[in-house]
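The values are calculated or read from the model by the stated rules, or taken from the named source; none is laboratory data. Note that the structure is predicted; figures quoted are calculated from it, not measured. Here the Cβ positions follow ideal geometry from the backbone for every residue, glycine too, while neighbour counts run over all protein chains shown. What goes into the accessible areas is simple: the full protein's heavy atoms, side chains included, and nothing from ligands, DNA or RNA. Shrake-Rupley method; radii C 1.70, N 1.55, O 1.52, S 1.80 Å.
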Amino acid sequence: EWMKWIADLPQLQSVKLGDYAFHGTKSFAMSNLTSLQSIEFGQRCFSSASSFSLIGIIEWMKWRIDLPLLQSVKLNNNAFGNTGSFGMSNLPSLQSINIGSDCFRGYYNDKIQKYEGGASSLSLIGIVEWMNWKRDLPHLQSVRLGEGAFYMATLFEMANTTSLQSIDFGRYCFHGASSLSLIGMAKWTKWKRDLPQL
């Protein structure tokens, strides 16, 4: 409205979808849910969707948080199975991420005998504001990926998660990744520890 975002579901606290919900849906969007606390999608939900994003919005070149109370995200097996893009940031209350087996995996093409589609990366990072890093997942305590999740992903990033206590990846996650790094960040040429509770 007049180039400004307005919250249109200000009282919505939870979203839960059963198995195969929106199985053939190509596009799905969620934003301006200022009271949302939990998201749970059943098996094979949005298996045809091209992207999944839980991010803040940009207003006058500044980041603004629009999911301030979201505490948990749970995707059951094969949800977003063929989704190529995944993004998550600006979630100051998020405590847990639980992604089931074969989520964001892609599909096996018999003709060429290899996997296609699927997410190419998983990123849990802060944002840059005026050239300084800002922590945007300060309460995230656990990240769990089921077997085969992000099978095709070649990039995994995690930073600015100072409350993180556990990481649990199942078999065949990041099958195509060449490296895994859990490091601090550089600020004014000094290293800063950002995983003190892991």
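Annotations for the structure displayed:
- Reported count of residues in region 68-90, each being in contact with a Ser or Thr (Cβ under 9 Å, 6 or more places away or on another chain) and in a strand (DSSP E or B), is 7.
- Hits in region 11-30 - residues which are in a loop (DSSP other than H, G, I, E, B) and touching a Leu at 6+ places or on another chain (Cβ under 8 Å): 12, 13, 30
- When 189, 161 are screened for being over 28 Å from residue 44 (Cα atoms) and modelled with pLDDT of 75 or more, only 161 passes.
- Residue 146 being modelled with pLDDT of 75 or more, over 15 Å from the mean Cα position of the chain (by Cα) and within 29 Å of residue 48 (Cβ to Cβ): no
Yes/no per residue for (1) surrounded by 14 or more Cβ atoms within 10 Å (Cβ to Cβ); (2) modelled with pLDDT of 80 or more; (3) not β-branched (Val, Ile, Thr):
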position	(1), (2), (3)
16	no, yes, yes
21	yes, yes, yes
34	yes, yes, no
38	yes, yes, yes
52	yes, no, yes
63	yes, no, yes
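- Count of region 74-88 residues which are buried (at least 20 other Cβ atoms within 10 Å of the Cβ) and more than 14 Å from residue 146 (Cα to Cα): 3
- Pairs with Cβ under 6 Å, 6+ apart, first in region 91-115 and open to solvent by 30 Å² or more (accessible area, probe 1.4 Å) and part of a strand (DSSP E or B), second at pLDDT 90 or above and not basic (Lys, Arg): 96/72; 96/142
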